[in-house]
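The values are calculated or read from the model by the stated rules, or taken from the named source; none is laboratory data. In this text, all values refer to a predicted model and were calculated from it rather than measured experimentally. We place every Cβ from the backbone using ideal geometry, glycine too, and count neighbours over all the protein chains shown. These area figures cover heavy atoms from the full protein model, side chains too; ligands, DNA and RNA do not enter into them. Shrake-Rupley method; radii C 1.70, N 1.55, O 1.52, S 1.80 Å.
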Amino acid sequence: MTSTEHIEVGSELPALEIGKITRTTLALFGGASGDHNPMHIDIDVAKSAGLEDVFAHGMLSMAYLGRLLTNWVPQESIRSYRVRFASITPVLAKPTVTGKVVAIEDVDGERRASVELTVTLADGSVTLTGDAAVAIN
């Protein structure tokens, strides 16, 4: 956890660099999440849809953003969290998850930071964007 005492607009959360998303990662996430869509684990199904290979679950990237937040503050400090899926994450991609404080305000007697969130691949592609409101009292 990071101390939130010195948080200000422009503060960046410590980036989370994810290792390669392997086929094993996808199979394990599918089992853990209950998302057994063959597009994520079966190359033949992916190719039949015109894709070169399988791709990661969008919710896997969302989970990485959630981990970025909970590495920064306790889970109970998160007041809201939402995302927008921008593009697929191919198998073997190496995402980097980042966040930046864009506003701080007092809401219902607590100090809250508004955080912009992004998942970016090594080639610069953004696969997921989002935002969160976090209590930083």
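Think of the chain as a dipole: +1 on every Lys or Arg Cβ, -1 on every Asp or Glu Cβ, centred on the Cα centre; then among 68, 115, 88, 88 lies furthest on the positive end. Close amide H partners of residue 93, meaning residues 5 or more places away or on another chain with modelled amide H under 5 Å apart, are 21.
Axis of helix 23-33 versus longest Cα principal axis of the chain: the two differ by about 60°, to the nearest ten degrees.
The 1.4 Å probe gives accessible areas that order 64, 81, largest first, as 81, 64. For the range 1-85, a Kirkwood radius taken over Cα pairs fed into Stokes-Einstein (4 °C, viscosity 1.567 mPa s) yields D = 86 µm²/s. Averaging 1/r over every pair of different alpha carbons in the range 20-137 and inverting the result gives a Kirkwood radius of 15.4 Å.
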